[in-house]
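Reading through the structure tokens given below for one structure.
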Amino acid sequence: MLFIVQTTLQLGLIYGLVSLALFVSYRILNIADLSTDGTFVLGMCVSVAFAYNGHPILALFMAILSGALSGTITAYLQTYLEIPSILAGIITNTGLYTINLMIMNYSSNLALLKQETVFSILENKGINNSSIILPALIFILISTLLYLFLKTRLGLSIRATGDNTDMVLASSIDARKTTIIGLAIANSITSLSGGLVGQFQRTADINSGTGVVVIGLACLIIGESIISKDSILKNILATLIGSIIYRLLYAIILRTRIFPIEFLKLITAFIITIAIGLPSIRKTIISNTKEKRHA
Amino acid sequence: MLKISNLNKYFNLNTINEVKVLDNINLNVNKADFITIIGSNGAGKSTLFNCIAGSILADSGSIILDQNDITYKKEYLRSKMIGRLFQNPLQGSAPNMTIEENLALAYLRGDSSRNSFSMITNSDRLFFKEKLKELNLNLDNSLNQKVGTLSGGQRQALSLLMATIVTPKLLLLDEHTAALDPQTAKTVMDLTDDIVSKNKITCLMITHNLNHAIKYGNRILMMEKGRIVLDLDNKENITIDNLLDRFKKETGKLLDNDRILLSSE
Ligand SMILES: Nc1ncnc2c1ncn2[C@@H]1O[C@H](COP(=O)(O)OP(=O)(O)OP(=O)(O)O)[C@@H](O)[C@H]1O
Ligand SMILES: [Mg+2]
């Protein structure tokens, strides 16, 4: 039981950052950012590489920076080269695979031996449960900063860019700039998540990003279905709650082995299909029944 | 104020589908002019606005706004000086943001003294309330309402407020009441007239409503096939009938617009 609660909170908080990032790209900017998987691994590789060389704290900042850079590139592809957003994300994602290997010296993984991590530093200072407390503090810090930022002049411009493109194009907002800043922010949050996961697991793996974007979206949607999404604060809360619920299911399945944990990705795919497709399904059913009644 | 010289615009230049949409347009707009523009479908009215605002670039000629050559300036930079309203009331505001946030976006545009990280202050809110009250649409206590929940007329009125909350050097109205029912159209039109004359805004308005074209503004332009065929001082006693007559005399055909309104109300 305790194990389940612990894993749920650890992973829910750390991966909650990915959902928070997707809230920015998918909900605010209205862009399905498929570079998310690669950016997550990028953050992980950068973070573990710096920790490997004895700089676990700097590692997290570098992870954030690397994500911002990656998001900027994806956004440039979309705005200046006018590559469709989905394709832009895939291009960055593909390129990142090599970059990530390079960071790990062309090996498919990099493990920490006795090096310190941000978690072990806290444990050594006598703080128990650092793997919950640290992610919680980071989530609170990042979401507070994001919340405040979205209320600033720049934040409002970014929100408008995703909300009404026509309006923004005819306004004094430079839609290219806001898209770039928005995606840089989203991806820096994603790579921070990857960076934390890397140090938490004490290893970075080139394949650990598979499905991150889909799971993150599923969490976002689960959260939104529980909390109404009529204010930024609730939106942010929804990302965390969705992520925690998802990780609870994950932990229960992992513990009880009702079915092999590998099944979870298939189930996730189902969850997200149903959640996003539900409005259309509902519409079809309603129009069908109306048609029948009419006939 | 606004000086357009020898402006030309082709679509599909150098292809078999080449069309000349603006044909050597010359126009001098004085400060505080309120000009109405009428013309057949496809005459090039919206294209002229698009060239002035920068959503499309002219092929040749020049556009000078208040001594700045803006012919090839980026659209978002021109928007600091030019306010725009479109036919579609949904185009001018962000539906998932609140009234206050939409107004803040519009308001911050002209104020370069604030940095990117400034937020809406309480004095901003008081100012917005004041402005909303002037619209007379009972929106002054709905600062936190999402814009997506407003009616078409309310949204167009809000867009008007957003376009003028920082007084623009030029206001471009492209059939901005055409999608509204007659009563709402009248309300929005009266508001427009009120705001434009109170702030002495230089304004160009495309309309298919001949009555509006005569009733508002001080100058009437008629466009046909990319050219300005008539430029009337709206002080003479113009009626819809002699407007139609003069159009026919200039172009040899009837004014043909699918949305034309000839009614006198
Ligand atoms: N992007 C484009 N590509 C090709 N042709 C275009 C384009 N935009 C407009 N046109 C053509 O240019 C001509 C002028 O169009 P415009 O929209 O300026 O007319 P308008 O005077 O605003 O007409 P309406 O009264 O119907 O709004 C039309 O023949 C139109 O088909
Ligand atoms: Mg038009």
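We did not get these values from a lab; they are worked out from the coordinates using the rules stated. Quick caveat: nothing in here was measured; it's all calculated off a predicted structure. All Cβ positions, even for glycine, are placed from backbone atoms using ideal geometry, and neighbour counts span all protein chains on display.
Between A:LEU58 and B:MET1, the FRET efficiency from the beta-carbon distance, with R0 = 51 Å, is close to 0.35. The magnitude of the dipole of chain A, with charges of +1 and -1 set on the Cβ of Lys/Arg and Asp/Glu and taken from the Cα centre, is near 720 debye. Taking chymotrypsin sites (Phe, Trp or Tyr not before Pro) as exposed when DSSP calls them loop and at most 11 other C-beta atoms lie within 10 angstrom, chain A has its longest site-free stretch at A:107-295. Since only B:PHE128, B:HIS212, B:THR15 are under comparison, the one whose Cα sits farthest along the positive direction of the charge dipole of region B:2-262, derived from C-beta charges on Lys, Arg, Asp and Glu, is B:PHE128. Here region A:228-295 is assigned +1 on the Cβ of each Lys and Arg and -1 on the Cβ of each Asp and Glu. Its dipole about the Cα centre then comes out at about 180 debye. Along the charge dipole of chain A, Cβ charges K/R +1 and D/E -1, which of A:LEU69, A:PHE263, A:ILE121 sits furthest on the positive end? Final value for the positive-end residue is A:PHE263.
Taken about its Cα centre, region B:2-262 carries a charge dipole of about 380 debye when Lys and Arg each add +1 at the Cβ and Asp and Glu each add -1 at the Cβ.
A run of chain A free of exposed loop cleavage sites, with trypsin sites (Lys or Arg not before Pro) counted only in DSSP states other than H, G, I, E and B and at most 13 other beta carbons within 10 Å, reaches its longest extent at A:126-256. Sum up the charges of everything whose Cβ sits under 11 Å from the Cβ of B:LYS3, counting Lys and Arg as +1 and Asp and Glu as -1, but leave B:LYS3 out. Overall, the nearby charge balance is -2.
Distance between the C-alpha centres of region B:126-143 and region A:227-251: 35 Å, rounded to the whole angstrom.
Once the other residues with Cβ under 12 Å from the Cβ of A:ARG202 are scored (Lys, Arg +1; Asp, Glu -1), what is the net sum? Please list the in-between numbers first.
Working: positive: A:LYS114; negative: A:GLU116, A:ASP205.
Every neighbour counted, the sum reads -1.
Work out the FRET efficiency for A:LEU122 and A:THR203 from their Cβ-Cβ distance, taking R0 = 25 Å, and round it to the nearest 0.05. All intermediate terms of the calculation are to be shown ahead of the outcome.
On the way: r = 19 Å, r/R0 = 0.76.
Taking R0 as 25 Å, the efficiency between A:LEU122 and A:THR203 is 0.85.
Let me know the shape class of the protein assembly as shown, please: from the alpha-carbon gyration tensor, a ≥ b ≥ c as square roots of the eigenvalues, rounded when a/c is under 1.5, otherwise prolate if a/b is greater than b/c, or oblate. Verdict is prolate for the protein assembly as shown.
Taken residue by residue and averaged, Cβ atoms of other chains lying within 10 Å of the Cβ of B:91-101 number 5.
Here region B:15-45 is scanned for amide nitrogen atoms under 12 Å from the site 7 Å beyond the Cα of B:ASP59 along Cα-to-Cβ, giving B:15-24.
What does the helix-only formula give at 222 nm for chain B: each DSSP H stretch with n ≥ 4 adding -39500 (n - 2.57), the total divided by the residues, and the result rounded to the nearest 500 deg cm²/dmol?
-9500 deg cm²/dmol
For B:LYS253, the aspartates and glutamates whose Cα comes closer than 20 Å to its Cα, not counting residues fewer than 8 places off in the same chain, are B:ASP23, B:GLU224, B:ASP231, B:ASP241, B:ASP245. Answer with one residue from B:ALA43, B:VAL188, B:SER62: the one whose Cα lies farthest towards the positive end of the charge dipole of region B:2-262, charges on Cβ with Lys, Arg +1 and Asp, Glu -1. Projecting each Cα onto the dipole axis, the largest value belongs to B:SER62.
What's the longest uninterrupted piece of chain A once you rule out the GluC sites (Glu not before Pro) that are loop residues per DSSP with at most 15 other Cβ within 10 Å?
Here the longest segment lacking exposed loop sites spans A:83-261.
The loop-placed trypsin sites (Lys or Arg not before Pro) in region B:145-204, going by DSSP, that have at most 16 neighbouring Cβ atoms within 10 Å of their Cβ come out as B:LYS200. Take each residue of peptide A:170-179, count the partner chain Cβ atoms within 10 Å of its Cβ, and average: the result is 6.
For region B:59-165, which chymotrypsin sites (Phe, Trp or Tyr not before Pro) are both in a DSSP coil and crowded by at most 11 other Cβ atoms within 10 Å?
Counting only loop positions with at most 11 other Cβ atoms within 10 Å, the chymotrypsin sites (Phe, Trp or Tyr not before Pro) in region B:59-165 are B:TYR72.
Sparsely packed loop sites in region B:1-46 (the trypsin sites (Lys or Arg not before Pro) outside DSSP H, G, I, E and B with at most 12 other Cβ atoms within 10 Å) comprise B:LYS31. Lysine pair count for chain A with Cα-Cα distance under 28 Å and sequence separation of 8 or more or different chains is 12.
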